[in-house]
Amino acid sequence: MAEFMEGLNITALGVTVVFAVLTILALVLYFVGWLERRLIEREETAAPVSAAPEVREIKEEKPAIPPKDLAVITAAILAYTAEKASQLRPLPFKRKVSDAWRLYGVQSSMEEVEDFNYELGKW
Amino acid sequence: MAEFMEGLNITALGVTVVFAVLTILALVLYFVGWLERRLIEREETAAPVSAAPEVREIKEEKPAIPPKDLAVITAAILAYTAEKASQLRPLPFKRKVSDAWRLYGVQSSMEEVEDFNYELGKW
Amino acid sequence: MAEFMEGLNITALGVTVVFAVLTILALVLYFVGWLERRLIEREETAAPVSAAPEVREIKEEKPAIPPKDLAVITAAILAYTAEKASQLRPLPFKRKVSDAWRLYGVQSSMEEVEDFNYELGKW
Amino acid sequence: MAALEQAIIDFFEHMGLLNLTVGNIVMIIVGLTLVYLAIRYGMEPLLLLPIGISAVLVNLPLSHLVNWPVAPQLPPGMEENIFATMAYLNQQYGPPGLFDLIYYLLIKTEIVPLLIFFGLGAMTDFGPMIADPKTALLGAAAQIGVFIAMLTAIALGFSLNEAASIGIIGGADGPTTIYLTTKLAPHILGATAVAAYSYMSLVPLIQPPVIKALTSKEERRIRMEQLRPVSKREKIIFPIISMIVIALLVPTAAPLVGMLMIGNLFRESGVVERLSKAAQEELMNIVTIFLGLGVGSTMRADSFLTAQTLMILGLGIVAFTSATAGGVLLGKLMMKLSGGKINPMIGAAGVSAVPMSARVVQRMASEEDPGNFLLMHAMGPNVAGVIGTAVAAGVLLSVLG
Amino acid sequence: MAALEQAIIDFFEHMGLLNLTVGNIVMIIVGLTLVYLAIRYGMEPLLLLPIGISAVLVNLPLSHLVNWPVAPQLPPGMEENIFATMAYLNQQYGPPGLFDLIYYLLIKTEIVPLLIFFGLGAMTDFGPMIADPKTALLGAAAQIGVFIAMLTAIALGFSLNEAASIGIIGGADGPTTIYLTTKLAPHILGATAVAAYSYMSLVPLIQPPVIKALTSKEERRIRMEQLRPVSKREKIIFPIISMIVIALLVPTAAPLVGMLMIGNLFRESGVVERLSKAAQEELMNIVTIFLGLGVGSTMRADSFLTAQTLMILGLGIVAFTSATAGGVLLGKLMMKLSGGKINPMIGAAGVSAVPMSARVVQRMASEEDPGNFLLMHAMGPNVAGVIGTAVAAGVLLSVLG
Amino acid sequence: MAALEQAIIDFFEHMGLLNLTVGNIVMIIVGLTLVYLAIRYGMEPLLLLPIGISAVLVNLPLSHLVNWPVAPQLPPGMEENIFATMAYLNQQYGPPGLFDLIYYLLIKTEIVPLLIFFGLGAMTDFGPMIADPKTALLGAAAQIGVFIAMLTAIALGFSLNEAASIGIIGGADGPTTIYLTTKLAPHILGATAVAAYSYMSLVPLIQPPVIKALTSKEERRIRMEQLRPVSKREKIIFPIISMIVIALLVPTAAPLVGMLMIGNLFRESGVVERLSKAAQEELMNIVTIFLGLGVGSTMRADSFLTAQTLMILGLGIVAFTSATAGGVLLGKLMMKLSGGKINPMIGAAGVSAVPMSARVVQRMASEEDPGNFLLMHAMGPNVAGVIGTAVAAGVLLSVLG
Ligand code: NA
Ligand code: NA
Ligand code: NA
C-alpha cells in the first residue's frame, strides 16, 4: 500500500512534469515561429537586395518535365531495373579517377582536386 | 606417443561426430523437403482461392522487355556510365525531401509520411 | 627561462628531424622514380610480347559517345533525378537474385555463383 | 580404447540435447514464435527477428554464447561499477560469450539505446510539431498511459522499479523502454522489450476500438486547416532549443533527448550529410543488430518464464489502451476549447510508434470522410510523443534511479 | 648546447633503424611478400594485404603500435579473465597500442571471427545443399583432412593444442581457423591464419592434381541431374533447423554455427534487408579490416620466425591435399552406391574455400566435356564444408578447450 | 501529501536550471557559436558542428552525459593504465556517461585519431608529391610554424607539454593535434582542437596577406612545368616505402604515419576496394561522429573558460601565419636555386589543410595571371605537410611523451 501511495505521488509528479515540459516547449516554439515570421517580414522589407542569400540559393530552378514524359521515363526505368536486377551485378565502386589530371591537362584537374576530400567538406 | 594415441582418439571422435551431425542434418533436410512438397500439394488442392497469399504476392508480374531492347538499353547505360565516371561525382545523398508536404498538398504528403522510417519497417 | 632554452633545443632537434626525414623521403622517391623509368624502358625494349600485361589490361577500350549526346543524356538524367527525388523512394536493396539459377538453367547459374562472395574477392 | 570410449562418453554428456530443460524448450518455442510473427506478419521485424532468433540460440544448452547471468548477485558497491562488475563476472562465470559482451558492454552501458535515439533524430522530421506546437500537448497526454500501467503493475505486486519499467511500455518507444528497464529492472528487460515492440506493431489493432469508443461519428469527421509552412531556420533551431529546454528542466532526460536532438540537428543543418547518413544508415543498422541480439540474449528460461512475464504482456495492453485514451480525451478537450477546429482522433497519435498511430488516425478519418486528410496533423502529437516518453522516463529515473 | 647535443643523441638512440634486428628484417620481407602476392596475384587480398602490411608495421622497432606480447606469461588463474589480463598487461608493458587493442579486445574475445561468420551467413545461399542434402556428407568427408593434418602435426612434435589449430587449416575456413587458434594456441595464430588464407587462394593449383590422381576420365565425365527447385520457405527454415540441430549435438560449435545461421536467416527472411545488407557490407568491411590488421600484428619475429612456422606452412599443404582426397574418395563411394549418378569430383568441393573449389570442379568437368555443368552440384558440398569445419572445430574445442 | 510535496521539491532541486552557472552559460554560447559558424559559414562543419552541439549538451547541468572529469587527479602510477583509470573513475565519479565512454575508450586510447588517419590515407592521392619529390621540402618548411608557436607559448608561460600541443596547431592537421594533445596535455584538448579546425577553415583568409607580403608580383606570376605522369606501381610503392623510412627514423611518428600509409595502400593497391571504401566512408563517418562528440564533451566551463584558452586561440593565428611564412620563404629559396622555375607561393601550401591551402595558391596565381595553373604543384607540399606534421608530432612525443 505504501508502494501504491508512492506510485501515486510519482504519477502526480510525472504527469505534471511531462505536461509542464511540453507546454513550455510549445510556448517556445510559438515564440520561435513568431520571431521567424517577423524576421522574414523584415528581410522582405529590406528588399531583394540584401540579406540571407544562401537561404534562397537552395531553391534552385529546375526545368519542368511534362508529367506524361515523367511517367514514361519512370515506368521504363523501373521495368528495366526489374528486368536487369537478376543479371546485372553492381559495377565495382569506381574510386580512382586519379590519373585523369595529367591526361586531360591542368584545367580539368582543378575540378578533381576540389573533389579531394581530405577536409571532408566543401570549401 | 601418448599424445599421438590421444590424437587418434580425438580423430575417431571427431570424424564420427562430423559425419553424424551432417547425416542428421541431411535427414532433417530431406524431411523438410518432403514436408514442403506435401504442403505445396495441399495448398494447390485447396485451390487458388485460399492460403498463403503473401507468398505469391512476391512473384509480381513484370512487363517483359524484348531482349534486344534490353541489350540496347544495357549497352547504352554501361557505355554512358563508363564515359561519365571520370567527370561526374556522385550526387549528394538526397536526404531531405521534407517540405514537399506543404507544397504539394495533403494528398502527396501521405506517401511521404509513410516513408517516415522511425519504426524502421513497413507497416 | 630554462623552459625556453629547452624549447629552443626541441625546436632545433624538431626542425632538423623534419627536414632530414622529408629530404630522405624525397631522395627515396627520386630513386623510385628513376627505377620505374628504367623498368618501363626495359619492359618496352623487351617488346610488346612479354611482361606486366595486367597493368595494360586496365586501360580498357570504351566506345566513344559523342559529347553532345553525352550532354543530353546527362541533362535528362539529372533533370529526371531532381524531379523524382521527392516522390521516388530508393528501391529496396536487391539482394537476392537467388532462385534464378534453377529458372534460367545451368549456364546462367555459373555467372551467379561466381558472384557468390564468400571469399570476398575475385578468383 | 578405453580412453576413446571415455572421450566419447564425455562428449555425449556435454551434448546440449541431454541438458535441454523444459524451460529451454518453451523459450525456444517463444523465440520461434517471434521469428514467425516477424517474418509472416511483418511485426517489427528489425527488432523481433533478431530478438527471437537469439532467444532460440541462448536457450540451446551449453552453447557458450552467454555465460553470464543477466541480473547477477554482486558484492555490495559493485553494482554501479561496470568495469568491476565485468571483471567479477569473468571470475565467477568464466570468459564472456559474444552475447554477454554485447549485453554488458553495449546495452547495459546505454551506448546502444542512445545511439538508436541519435539515429532516430536523424530520421525524424519534427516539421508538423513545429508548425502546430499545441499538438505537443497531445503527446504529453498519451503519457498518462505510462502512469496508469505503472499503478496497475504496483497493484499487481510488482516493485516500484519494475512497475516503472512496465509503465514505460505505454510510451510506445522501444529504445526508451530498453534504456529505462536496463537501469531500473534489468531482469525483466526481455519481457518489456518484447512487449514494447510487439504492441507497437499491433497499434493498428489496438487503437481503433479505443478511438471509436471515445469519439462520435461527427467528431471523427472534423476537418482541420492545412498546416503552415515551416522554414529551414526553424527546423534548425528546433533541436537546439528543445535540447536546452528539456535538459534544463529534466536533466535525467538529457541523454535520450540530447542524442535525439543532436541527430536531428545533423539532419536539418544540411552541412553534415555524410554524418547524418551514417547516423541513419551504417551506424543505425549496426547498432540495431546489436540491440536485437543483446535483448534477445536476455530471454533465458529462468528469468523469462515466470508469471510476471505474462502479467507484463497483459499490462502492455493496459498501457497502450490507456495511452490512446489519454490522448483522445485531451483531444476532445482541445476540440471543445478550440470551438471544434481540432479532430480529437489526432490525440491517439500521441502514442508515438511513429508513424503507425498517425496512419491509424488517417485511415479512420478517411473511412468516415474520404476527403479528410489528418495525417500531417497527427504527425505533430506523434513526434511529440517521443519527447514526452523520454521526459516521463527522465522523471522515473530521477525518482527511482 | 650540451643539452641540445644530449637531446639529439637521445633521439638517435631511440631511432628505429638502430634497433632493427635480423628477425625484424626477415619479418618485413615476409610481410612485403604477402602484400606482393595479394596485389600481384590477387591472393585473398582482403585478408593477406592487411595482414602483410601490418606485419611490416609491427616489425619496425619501437613503433608503439604493439606494446604487448601475443602470448604473454600470466599469473595463474588470470588466463581466462580478459579484463584482468588487459589490466595486467597494461601494468607490465605500458598502455596498449592500437593493434594491441584490436587483438585483445576484438580478436581474442572472438568478437571479430564471430561477426565474420555472421556476415558470411548473410552472404551464403545454402540452396544447393537444401536441394540435395546427401551432398552434405561430402562436406563431412573433407574434414578428414583436418584430422590427418592434426595427426601429422602431433607426429612432428607439436602439442595437441597446436596440432588441432594446424589441422583446422584443412577446413579451408579462415575465420574458423582464427577462432580455434586464438582459443587453443594463440602463439601460432599468425602462422595458421596466413597458411589458411594462402592455401585457400591456391586451391586452383592444389586440388586438380589430387582430383586427377584419384578419378578416371570416365568418372570425371559423369553428368548429374539438374537440382530441384528450393522454395523460399525451405530457405527460411534451413538456418533455424541447422542452428538447433547442430547446437544440440555439438554445443561448442554453437557460436560459429549460430552466428552463421542468424546471418543466413537475416538474408533469407526478406524482412530485414537493412540488417542483412549491414551484415554483408558495412559491418563486414569494418570487421574484415580489424581482422586483417589484428592477425598481421601477431606476426612478430620472436614468435613467427621459428622452424614451427615452416612446418605449419608445410602441414597446410598436407591438410588441403588430404581434405581434397577425403572428399573425392567419399564421392567415389557415393558414385558406386548411386549407380554412377554422382560425379566423384564434387567431393573435392567439400573443402569449403567457397566458391573456389566448386569452380575448380566445374572447370575440370568442362575440360573433359564442355557440356557438363557441375557447378551447382559442387556448391552443395562446398557450403556443407563450412558447417563441417565448424563442427570439427567444436569437437576439438570440447576435447581440448 | 507531504511526501508528494517533498518529491516535487526534490525534483526541482535537481532541476538543471537551478544549477546553471555563469560558466555553463558562457560555454553554451561558445558551443552555439561553433554550431552557427559551421552551419552559416560552412566552417569545417563535419567537426565543428558535433563539437559545438556536444559542448552545449555537456554544459547543461546534471545531464549525466559526462560524469567523469577530463583530466582527473589519479593515484600515482595509474596515469598510464587506462583500465585501472576507468575502474577508478567509475568508483570515484559513478558510472560513465555516453560521452565519457567515447572520450576515454575511443579518443584517449588514440583509436579514433588513428582510424581517422587511416581513412585520410585512403582518401589521399599522393601523386603530386611522387611526381615532384622536392616539393616535399616545402611541407617540411611549413612545420617551422609549429615550433615558432611552441616557443611563443612557452614565452607566454605555458608548460612545455602544453606549448607543444599548441604549436602543433600550426601543422593544420586536426587529428594530429588531437592525438598529440590527448597524450601531452588533455586538459587543453577542447581549445587546441577547436583552434585547429577553426583556423583550417579560415586558411583562405589567413594565408593571402602573408603570401602577398612575402612575394613580389613577378614571383607570383611564375608558371611551372607540367608534372610528369606517375605510374600505378609508384603509387603502390610509395605508402610502403614512406611507412618504412619514417618509422625507422622517427618511431614515435609510426602510429600516425603507419595508419595513414596503410589506408593509402588500400586505396592504391586496387585489390581491396571494399576495404578502401569502408575506410573512406562507413568507418570514417562513424569515427568522425565519435571524434566530434568526444572532443566537444571536453569543453567544460572549468577547463575551457580560462585566459589560457584565449591565448591558445591567439597562438593558433601565430602558428598558421608563421607556418605559411616558413613555407613561402623556403619557396623563395628554391625559386632562386632553381633559376626561377619554382613559384614561391606553392610553399604556402605546405600548411596541410588539404586541399584548402593549395586552392588558395591556385586562386592567387590566377588572379595575377588567369592562365597560370599551380594547383597540382601546390598539392605536393600540401600532402607532404601532412607527413611533416606527423613527424613533428613524433619528435615532440619522443622528447616530451
Ligand atoms: Na512515446
Ligand atoms: Na570447410
Ligand atoms: Na600539416
Filter the helices (runs of 4 or more DSSP H) completely within the range D:282-401 down to those with at least 2 residues that are over 23 Å from D:Ile116 (Cα atoms) and among the small types (Gly, Ala, Ser).
D:301-304, D:307-337, D:356-368
Tell me, please, whether a residue that is in contact (Cβ under 8 Å) with a residue 12 or more places away in the chain, touching a Gly at 6+ places or on another chain (Cβ under 6 Å) and open to solvent by 20 Å² or more (accessible area, probe 1.4 Å) can be found in the range D:167-181.
no
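Does E:Ser201 satisfy being within 16 Å of ligand 2 (Cβ to nearest atom), in the same structural domain as E:Ala348 (by TED's automatic domain parsing), at pLDDT below 90 and within 15 Å of the chain's Cα centre (by Cα)?
For E:Ser201, the condition - within 16 Å of ligand 2 (Cβ to nearest atom), in the same structural domain as E:Ala348 (by TED's automatic domain parsing), at pLDDT below 90 and within 15 Å of the chain's Cα centre (by Cα) - is met.
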For the range F:348-378, name all the residues that are under 21 Å from F:Ile130 (Cβ atoms) and more than 16 Å from ligand 3 (Cβ to nearest atom).
F:Gln362, F:Phe373, F:Leu374, F:Leu375, F:Met376, F:His377
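If you go through the range D:364-389, how many residues are touching a helix residue (DSSP H, G or I) at 6+ places or on another chain (Cβ under 9 Å) and facing chain B (nearest Cβ under 10 Å)?
Result for the range D:364-389: 11.
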Checking F:Ala164 against (1) under 23 Å from F:Pro255 (Cα atoms); (2) open to solvent by 10 Å² or more (accessible area, probe 1.4 Å), the condition it does not meet:
(2)
Find the residue count for the range E:352-363, including only residues that are at pLDDT 90 or above and more than 10 Å from chain C (Cβ to nearest Cβ).
2
Which listed residue is free of Cβ contacts under 8 Å to residues at least 40 places away in the same chain and at the interface with chain D (Cβ under 9 Å from one of its Cβ atoms), from F:Pro76, F:Pro72, F:Pro61, F:Pro95:
F:Pro95
Those residues of the range A:1-46 which are aromatic (Phe, Trp, Tyr) and under 29 Å from D:Gly401 (Cα atoms) amount to A:Phe4, A:Phe19
Given (1) closer than 30 Å to D:Lys108 by Cα; (2) more than 16 Å from ligand 1 (Cβ to nearest atom); (3) more than 11 Å from every other protein chain (Cβ to nearest Cβ); (4) open to solvent by 30 Å² or more (accessible area, probe 1.4 Å), D:Ile312 misses just (4)
Of (1) at pLDDT 95 or above; (2) touching an Asp or Glu at 6+ places or on another chain (Cβ under 9 Å), F:Gln91 satisfies all except one. Which?
(1)
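Within the range D:249-263, work out how many residues are open to solvent by 20 Å² or more (accessible area, probe 1.4 Å) and not hydroxyl-bearing (Ser, Thr, Tyr).
Residues meeting the conditions: 1.
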Inside the range F:142-196, the number of residues satisfying the requirement of being assigned to a helix (DSSP H, G or I), more than 8 Å from chain C (Cβ to nearest Cβ) and not β-branched (Val, Ile, Thr) is 23
For the range F:228-281, what are the residues that are of a type in the set (S, T, N, Q) and in a helix (DSSP H, G or I)?
F:Ser242, F:Thr252, F:Asn264, F:Ser269, F:Ser276, F:Gln280
So, in the range E:128-141, how many residues would count as being surrounded by fewer than 24 Cβ atoms within 10 Å (Cβ to Cβ) and either within 13 Å of ligand 2 (Cβ to nearest atom) or more than 7 Å from chain B (Cβ to nearest Cβ) (or both)?
1
Check the range E:197-220 and report whether any residue there is open to solvent by 60 Å² or more (accessible area, probe 1.4 Å), touching a residue at least 24 places away in the same chain (Cβ under 8 Å) and either under 30 Å from E:Glu162 (Cβ atoms) or within 14 Å of another protein chain (Cβ to nearest Cβ) (or both).
no
Scanning for something surrounded by fewer than 23 Cβ atoms within 10 Å (Cβ to Cβ) and within 16 Å of ligand 2 (Cβ to nearest atom), does the range E:382-400 turn up at least one residue?
yes
Scan F:Phe266, F:Phe238 and give me the residue that is open to solvent by less than 30 Å² (accessible area, probe 1.4 Å), closer than 30 Å to F:Gly167 by Cβ and either among the aromatic types (Phe, Trp, Tyr) or at pLDDT below 90 (or both).
F:Phe238
Any residue at all in the range E:297-306 that's within 10 Å of another protein chain (Cβ to nearest Cβ), buried (at least 24 other Cβ atoms within 10 Å of the Cβ) and farther than 19 Å from E:Lys235 by Cβ?
no
If you go through the range D:241-276, how many residues are more than 7 Å from chain F (Cβ to nearest Cβ) and free of Cβ contacts under 8 Å to residues at least 40 places away in the same chain?
5
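The values are calculated or read from the model by the stated rules, or taken from the named source; none is laboratory data. Since the model is a prediction, treat every value here as computed from it, not as a measurement. Reconstructed Cβ throughout: ideal geometry from the backbone, glycine too, with neighbour counts over all protein chains shown. Remember, those area values only see protein heavy atoms, side chains included, never the ligands or the DNA or RNA. Shrake-Rupley method; radii C 1.70, N 1.55, O 1.52, S 1.80 Å.
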